[in-house]
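The block underneath contains the structure these notes are about, expressed in structure tokens.
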Amino acid sequence: MKKIISAADAGKLIKNGASIMIGGFLKCGTPTRIIEELLAAGTHDLTLIANDTSYPDSDRGRLISEKRIKKAIVAHIGTNPETGKQFHNGEIEVELVPMGTLVERIRAGGAGLGGVLTPTGIGTVVEKGKQSLEINGKKYLLEMPLKADIALIYATRADRFGNAYLEGSTRNFNTVMATAAQTVIVETDELVDECLDPNMVTIPGVFIDYIVA
Amino acid sequence: MELNKEQIREIIAKRVAKELHEGDYVTLGIGLPTEVANYIPPSMHIMIQSENGVVGVGAKPSPDNIDPKITNAGGIPVTTKKGAAFFDSMTSFTMIRGGHIDATVLGALQVDQEGNIANWMVPGVLVPGMGGAMDLVVGAKKVIVAMEHMSKNNIKILKKCTLPLTAAHEVDLIITERCVLRVTEKGLLLEEINPLFSLEDITSTVEADLIIPPHLQTIAA
């Protein structure tokens, strides 16, 4: 059985300077309640690993607007002008990563792999400072694994074993981030008393540490 | 010949739709490429893939049928059609990078005669991030650039892109409101021309070397 905690307690588990992965694709599948508490706790100097920096006034995006993030490792910042502004002013470091590379770097981190070889980014600025290898006549970039101190992920339904079911297009980065952090907290819309049908488990509870219901 | 924005987008989206085939899995970029879906004949089975984790994207939901848990890559609620599936970002980019997507349609800031494309940043001006575009361009079987022929009065079809590239040597076809250009090893082949424009209207607005066939086809409407 996993420990069930409040969103406020989850927020407090995140220390200043921590690296955090936050699931979600824009607003869809984002664990919003824990982010609220993280904002309330005043935590700062965070490294954010996420698909995007959302919008200035919602979820992850507010962490940017309220200047809690010192570095963002993301695929897209276009929906949050605040990220671009802070980036240009030198207030925040932004590492833009192709989305498919970002997901595989996190997978490598969670799956115990030493890195990923991808053709994405060859011939572009993404190559800068990276090792490339030629395999069977094709060039690949070596991309390094990503891990975090904490992952905040969303679930539509979860049981007390930490098994989680994610509906619709909410899965996005949640499934992979659940594997790649020291501490993984799932925020679920619904906590079921019994357990989930094993056929309906999107994320097995083995990856989960805490549940926010 | 002056066309308004709406006419331009319609010409391009209609023409792109003709490139899609029965049974294709297709990923459309944000903006103009999304409009291609409006011109796919209902009798044709095309599965639209959305990089955030949907294949089989359907029509826009009615206001009372919106599910915030089902969106497209622009964050806009969508419906699904028969045969649809949901999946996570790992699976999505396995489809995209792994060569399982038949075609992708993307906008561009610049393209060139080597099939290079720049569509993700203008240094110092616009840095939205590449999102999934770099993976899409590298992985899709066919890369179609759908864009307005010029940006204000700036030429976008060049000998060599000057903006940071999204990918090198990956573009197959360029479709604008004025013409259809195929990327070949010898340069850009002018395959079709919109009869509203003269050959001079094309050659004077493209910097790239053009291969002009003796008998020009008009753009398929």
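The values are calculated or read from the model by the stated rules, or taken from the named source; none is laboratory data. As the structure is a computational prediction, the values presented were derived from the model and not from experiment. All Cβ positions, even for glycine, are placed from backbone atoms using ideal geometry, and neighbour counts span all protein chains on display. Calculation scope for accessible area: heavy atoms of the full protein, side chains included, ligands and nucleic acids excluded. Shrake-Rupley method; radii C 1.70, N 1.55, O 1.52, S 1.80 Å.
Here the translational diffusion coefficient of the range B:93-221 follows from Stokes-Einstein with Rh set to the Kirkwood radius across Cα pairs; for 10 °C and 1.306 mPa s it amounts to 106 µm²/s. Taking the Kirkwood radius as Rh and the Cα radius of gyration as Rg, the range A:70-213 has a ratio of Rg/Rh equal to 1.05.
Pairwise Cα distances in the range A:1-127 exceed 20 Å for 46 percent of all pairs. Of the whole protein surface, A:ASP197 contributes about 80 Å² of accessible area at a 1.4 Å probe radius.
For the range B:120-188, the normalised intensity computed at q = 0.12, 0.23 Å⁻¹ comes to -0.34, -1.30 (log10 of I(q)/I(0), Debye sum over alpha carbons, equal scatterers, no solvent). Inter-part distance, the range A:161-213 to the range B:140-174, computed on C-alpha centroids, equals 41 Å. Selection among A:ILE135, B:PRO195, B:SER92 by position relative to the dipole of the protein assembly as shown gives A:ILE135 as farthest towards the positive end (Cβ unit charges, Cα centre). Per the Debye calculation on the range A:1-53 with a single equal scatterer at every Cα and no solvent contribution, log₁₀ I(q)/I(0) for q = 0.30 Å⁻¹ amounts to -1.24. Given R0 = 41 Å, the distance between the Cβ atoms of A:LYS12 and A:ILE135 translates into a calculated FRET efficiency of 0.30. When DSSP beta bridges are restricted to pairs lying wholly in the range B:78-210, around 60% turn out antiparallel.
Dividing the helix sum by the residues of chain B, where each DSSP H run of 4 or more adds -39500 (n - 2.57), gives a mean residue ellipticity at 222 nm of -4000 deg cm²/dmol. Two numbers describe the Cα atoms of the range B:42-128: Rg and Dmax, which are 15.7, 48 Å.
For chain B, the equivalent ellipsoid derived from the Cα gyration tensor has semi-axes of 29, 19, 16 Å, listed largest first.
Dipole check for the range B:80-210: with +1 at the C-beta of Lys and Arg, -1 at the C-beta of Asp and Glu, and the Cα centre as origin, the magnitude is about 360 Debye. If you count Lys pairs in the range B:1-96 whose Cα atoms are under 26 Å apart, skipping same-chain pairs closer than 8 places in sequence, the total is 14.
Toward the positive end of the charge dipole of the range B:24-118, with +1 on the Cβ of Lys and Arg and -1 on the Cβ of Asp and Glu, the farthest Cα among B:PRO77, B:MET47, B:ILE66 is that of B:ILE66. Accessible surface comparison of B:ARG97, A:ARG60, probe 1.4 Å, protein chains only, largest first: the order is B:ARG97, A:ARG60. What accessible area, in Å² to the nearest ten, does a 1.4 Å probe give for A:GLU93? A:GLU93 has an accessible surface of roughly 100 Å² with all protein chains in place. The equivalent ellipsoid of the range A:36-89 has semi-axes of 16, 11, 11 Å, largest first, where each one is the square root of 5 times an eigenvalue of the Cα gyration tensor. Taking the charge dipole of the range A:165-213 about its Cα centre, with +1 at Lys and Arg Cβ atoms and -1 at Asp and Glu Cβ atoms, the residue from A:VAL206, A:VAL176, A:CYS195 reaching farthest to the positive side is A:VAL176. Straightening the chain between B:LEU196 and B:LEU126 buys 21.9 nm, computed as 0.36 nm per residue apart minus the Cα-Cα spacing.
Which residues of the range A:18-64 end up with at least 20 Å² less accessible area in the presence of all protein chains than when their chain stands alone, using a 1.4 Å probe? In the range A:18-64, residues shielded by partner chains: A:PHE25, A:LEU26, A:CYS28. Largest to smallest in accessible area, the residues B:SER43, A:SER19 fall in the order B:SER43, A:SER19 (1.4 Å probe, all protein chains included).
Amide hydrogen proximity for A:TYR55: with H placed 1.01 Å from N in the peptide plane, the residues at 5 or more positions away or on another chain lying under 5 Å are A:GLY61. The portion of the accessible surface of the range B:134-194 made up by carbon and sulfur, rounded to a whole percent, is 47 (1.4 Å probe; DNA, RNA and ligands excluded). For chain A, the Cβ-based charge dipole about the Cα centre amounts to some 600 debye (Lys, Arg positive; Asp, Glu negative; other atoms uncharged). Looking at this model, which pairs from A:LYS139/B:LYS159; B:LYS159/B:LYS186; A:LYS138/B:LYS142 are more than 21 angstrom apart at the alpha-carbon? Beyond 21 Å between Cα atoms: A:LYS139/B:LYS159.
With one equal scatterer per alpha carbon and no solvent term, the Debye-computed log10 I(q)/I(0) for the protein assembly as shown at 0.05, 0.06, 0.12 1/Å reads -0.18, -0.26, -0.99.
From largest to smallest, the equivalent ellipsoid semi-axes obtained for the range A:92-134 from the alpha-carbon gyration tensor read 17, 15, 9 Å.
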